[in-house]
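Peer 1: Here it is, the structure, as structure tokens.
The values are calculated or read from the model by the stated rules, or taken from the named source; none is laboratory data. None of these values were measured; they are calculated from a predicted model. Cβ: placed from backbone, ideal geometry, glycine included. Neighbour counts: every protein chain shown.
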Amino acid sequence: MQNDTQRNGAGMNILVTGGAGFIGSNIVDAYLALGHSVVVIDDLSSGREKNVSKDALFYKMDIRDKNLQEIFTKHRIEFVCHQAARGDVRGSVERPMEYADVNVCGGINLLQCSVQSRVKGFIYSSTGGCVYGEPQFVPTTEEHPMQPRDPYGASKASFELYVDTYRQLYGLEYTIFRYPNVFGPRQNPFGEAGVVSIFTKKMLQHEQVIINGDGTQVRDYIFVKDVVRANMLATERNANTVFNLGSGRGTDVNTLFGELKKITGYPHEALHGPAKLGEVQRSILSAEKINKRWGWEQQFSLIEGLQQTIDFIKIHEV
């Protein structure tokens, strides 16, 4: 087993990219609760400034910005948690150059600044749902070949290679997480967002829910608080490897609809629309590697997470 590099993580100056977004803002809150100083950069293309805690410093900035190094220098950044990305499969098919520019070139800009500032560690949020493509086996382990089916997945897989390259060239230590379908409070229920938040908002407003395709697509759903906990573990130590996060169990979209319908009391059935181009049929991730290394495992069940998400959307979105 590879030995992890432990660090004294108390009171670090941490940069969170995409910190106004769904997952990023939850991570920011956790860092602040642990006593870290947090700087957030987000271009607000999908994030919301209201998600950012008043105790964090916020910059509306693109990760491709040539002035990014000034943020690192001014705030003496010691650690980077990189959550920012263009993240929509359909958008990537329509605008592949933009996705490569933000997710790869923007990421390299961040790596360059991290090396120049000699940061202690770098977390990168990748995607298990897209880098593996249509998996050869499930639950899928980290040894599965990367075979993305869309430009979004290709851009995320490409940048994983850059992260490890910078460790080999410059000693930049890192942890890469491949996320499953993450859901929870602050997930944007408008437009191209997660299926849980989209369905929930429509149900609470008594609007028609539309399922893309026949609804048999299987996904591994995990509550955002479990993802945040993994990021906190990675801030305490460097793994210099990639970890899947997931429950190891799959739920199809029709079943997910049924659970949300039950909790919200939604009276209608779903309509089925055309399937999304490039979408994989099933994605279930094995988290055995991180469980053995760090003891991480899913703590919130699907139903517990759905209830908390619905309660949040009732208060803040409806």
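Peer 1: When you scan segment 239-255, how many residues do you find that are without any contact (Cβ under 8 Å) to a residue 60 or more places away in the chain and either crowded, with 19+ Cβ neighbours inside 10 Å or part of a strand (DSSP E or B) (or both)?
Peer 2: Qualifying residue count, segment 239-255: 3.
Peer 1: Which one is farthest from the chain's Cα centre (by Cα) among residues in segment 1-45 that are modelled with pLDDT of 95 or more, over 20 Å from residue 113 (Cα atoms) and among the hydroxyl-bearing types (Ser, Thr, Tyr)?
Peer 2: Among those residues, the one meeting the criterion is 31.
Peer 1: If you don't mind, another one. Quick check on segment 199-215. Is at least one of its residues more than 21 Å from residue 5 (Cβ to Cβ) and among the basic types (Lys, Arg)?
Peer 2: We begin by selecting, within segment 199-215, every residue more than 21 Å from residue 5 (Cβ to Cβ); these are 199-215.
Checking the rest, the ones that are also among the basic types (Lys, Arg) come to 201-202.
Looking through segment 199-215, at least one residue is more than 21 Å from residue 5 (Cβ to Cβ) and among the basic types (Lys, Arg).
Peer 1: Does residue 169 satisfy being over 20 Å from the mean Cα position of the chain (by Cα) and either farther than 23 Å from residue 259 by Cβ or of a type in the set (Lys, Arg) (or both)?
Peer 2: yes
Peer 1: Go through segment 207-224 residue by residue and tally those that are surrounded by fewer than 18 Cβ atoms within 10 Å (Cβ to Cβ) and either part of a helix (DSSP H, G or I) or without any contact (Cβ under 8 Å) to a residue 24 or more places away in the chain (or both).
Peer 2: The total comes to 1.
Peer 1: Go through (1) modelled with pLDDT of 95 or more; (2) among the small types (Gly, Ala, Ser); (3) buried (at least 22 other Cβ atoms within 10 Å of the Cβ); (4) on the phi < 0 side of the Ramachandran plot and name the single condition residue 184 misses.
Peer 2: Every condition holds for residue 184 apart from (4).
Peer 1: Oh, and also: Looking at segment 92-151, which of its residues are closer than 22 Å to residue 166 by Cα, touching a strand residue (DSSP E or B) at 6+ places or on another chain (Cβ under 8 Å) and of a type in the set (Ser, Thr, Tyr)?
Peer 2: Within segment 92-151, 114, 124, 125, 126, 127 qualify.
Peer 1: Something else: Out of the residues in segment 286-300 that are touching a residue at least 12 places away in the same chain (Cβ under 8 Å) and out of contact with any helix residue (DSSP H, G or I) (no Cβ under 8 Å at 6 or more places or on another chain), state the one that is surrounded by the fewest Cβ atoms within 10 Å (Cβ to Cβ).
Peer 2: Here the residue is 292.
Peer 1: Okay, moving on. Name the residue that is farthest from the chain's Cα centre (by Cα), counting only residues in segment 231-285 that are over 30 Å from residue 119 (Cβ atoms) and of a type in the set (S, T, N, Q). Give the steps one after another, and end with the answer.
Peer 2: We begin by selecting, within segment 231-285, every residue over 30 Å from residue 119 (Cβ atoms); these are 247-284.
With of a type in the set (S, T, N, Q) added as a condition, the list becomes 247, 251, 254-255, 264, 281, 283.
On the way: 247: 15, 251: 19, 254: 23, 255: 23, 264: 26, 281: 20, 283: 15 Å.
Among those that are over 30 Å from residue 119 (Cβ atoms) and of a type in the set (S, T, N, Q), it is 264.
Peer 1: Now for a different question. Does residue 227 satisfy the condition of being farther than 25 Å from residue 93 by Cα and of a type in the set (Val, Ile, Thr)?
Peer 2: On the way: farther than 25 Å from residue 93 by Cα: yes; of a type in the set (Val, Ile, Thr): yes.
Answer is yes for this residue.
Peer 1: Also, quick follow-up: Go through (1) modelled with pLDDT of 95 or more; (2) out of contact with any strand residue (DSSP E or B) (no Cβ under 9 Å at 6 or more places or on another chain) one by one and return the number of the condition residue 278 breaks.
Peer 2: (1)
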